[in-house]
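Below you'll find the structure, written out as structure tokens, and then a few comments.
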Amino acid sequence: MNKLKKLPIVSSVIVGINVIVFIYCMFVDNNLYRAGMLDAYRVLVCHEYGRVIWSLFLHADVSHILSNMILLFFMGVMLEEELGHFRYLVLIFLSGTGGNLLSLLIKVTSGDMIPSIGASGIVFGLDGVLLAMVLFWDRRMPTVTLSRVVMMILLSLYSGFSGENVDNAAHIGGLLIGFLGGCVVCFLERRKRSRIRIYDN
């Protein structure tokens, strides 16, 4: 049972779904793009709210899905073991949907209604969770330092803002929600451990 807890089950399933959906879209039918992309008009006017989730599983090309899935999996392996499957899964979807909601807000206020897809909101959310854990987690992660996490976030943000056709609002939204969610998890973990220590006395 302990071995099962350490396996990156959620990360593997999320990556697997993304890869299967991408292969299906590339070689079978690409209608999923039209049905699932984050289109502000379809979400806000036609009330197709599921797009906020579905768009997280769609990617434009091989380089897009490779970069997102590699980062998601390798960060996920570490975070899922530390946080547990359920908390990790909650933080993934909070980050992804939070990023997409900020993206919708920016699309509407700026008038840039170009649809977007991808799991990068989740990836940036995991960056935010890592930042929170470096600052507030009560267990040290030897290979993770504040300077490394901050540098990774800055490089990722720079890459997004210097690129073309990048939904930076989703990146920032995912990062903020991931950080806030990570702070809540750290707070609850500290509170639980302090109660255990009190009871042990």
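Observations on the model:
- Within segment 90-104, the only residue that satisfies the criterion of being among the hydrophobic types (A, V, I, L, M, F, W, C) and either in contact with a Phe, Trp or Tyr (Cβ under 6 Å, 6 or more places away or on another chain) or under 14 Å from Tyr41 (Cβ atoms) (or both) is Leu104.
- Members of segment 50-67 found to be exposed (fewer than 13 other Cβ atoms within 10 Å of the Cβ) and among the aliphatic types (A, V, I, L, M), listed by number: Val62
- Selection within segment 8-54 - of a type in the set (Ser, Thr, Tyr) and closer than 22 Å to His85 by Cα: Ser11, Ser12
- Comparison of Gly181, Gly163 shows that the only residue that is at pLDDT 80 or above, surrounded by 17 or more Cβ atoms within 10 Å (Cβ to Cβ) and within 27 Å of His59 (Cβ to Cβ) is Gly181.
- Considering only residues in segment 93-117 that are closer than 19 Å to Val21 by Cα and of a type in the set (Ser, Thr, Tyr), the one that is farthest from the chain's Cα centre (by Cα) turns out to be Ser116.
- Cβ pairs under 8 Å, 6+ apart, first in segment 144-169 and at negative phi, second of a type in the set (S, T, N, Q) and not in a loop (DSSP other than H, G, I, E, B): Leu157/Asn168; Gly160/Ser120; Gly160/Asn168; Phe161/Asn168; Asp167/Ser103; Asp167/Ser116; Asp167/Ser120; Ala169/Ser103
- The residue list Ile114, Ile122 contains one member that is without any contact (Cβ under 8 Å) to a residue 60 or more places away in the chain, out of contact with any strand residue (DSSP E or B) (no Cβ under 8 Å at 6 or more places or on another chain) and on the phi < 0 side of the Ramachandran plot, which is Ile114.
- Residue in segment 131-152 that is within 13 Å of the chain's Cα centre (by Cα), modelled with pLDDT of 90 or more and either among the aliphatic types (A, V, I, L, M) or not in a helix (DSSP H, G or I) (or both) present: no
- Selection count, segment 4-21, where residues are small (Gly, Ala, Ser) and in a loop (DSSP other than H, G, I, E, B): 0
- Only a single criterion out of (1) surrounded by 15 or more Cβ atoms within 10 Å (Cβ to Cβ); (2) of a type outside the set (S, T, N, Q); (3) not in a helix (DSSP H, G or I) is not satisfied by His47, namely (1).
- Flag if Ile70 is among the aliphatic types (A, V, I, L, M), in a helix (DSSP H, G or I), out of contact with any Cys (no Cβ under 6 Å at 6 or more places or on another chain) and surrounded by fewer than 22 Cβ atoms within 10 Å (Cβ to Cβ): yes
The values are calculated or read from the model by the stated rules, or taken from the named source; none is laboratory data. Model, not experiment: these values are computed from the prediction. Because the Cβ atoms are built from the backbone with ideal geometry, glycine has one as well, and the counts that use them run over all protein chains shown.
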